[in-house]
Amino acid sequence: VGTRAIAYRPEGIMNIRRTFPQARLITVVDSITPSGALTGNTCVDDTIIAYLRDGTIPTRRAGNVADVECAKPADPDPSASGKSSNSEAQLP
């Protein structure tokens, strides 16, 4: 059985979960992005890597819920972007 990363609205995701009873659903709680695979969230990444490494899959939870719920990573600090350090060359 192959794997697919699918980004849908929550109601669509739950419909897919019901349709494919062998599937496992990983969600990032309160995330605003539909794609979070292998982007540095260790909860998501470790779950996917375990499957790719040796076929380990999370236990399927009963009901219409995610099988793995991961915490949302911290939002980036917008004030940190665009700042240059003292060691960088300054343009005239």
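Just so it is clear, none of the values below were taken in a lab; they were calculated from the coordinates. Quantities reported herein were computed from a predicted structural model and do not represent experimental measurements. Using ideal geometry, Cβ is built from the backbone for each residue, glycine included, and neighbour counts are taken over all protein chains shown.
One decimal place: the segment residue 46-residue 80 gains 9.4 nm when fully extended, by the rule 0.36 nm per residue minus the C-alpha distance.
For residue 59 and residue 39, what is the calculated FRET efficiency with R₀ set at 22 Å and r taken between the beta-carbons, to the nearest 0.05? Efficiency at R0 = 22 Å is approximately 0.35.
Charge tally around residue 61: other residues with Cβ under 12 Å, Lys/Arg +1 each, Asp/Glu -1 each, net +1.
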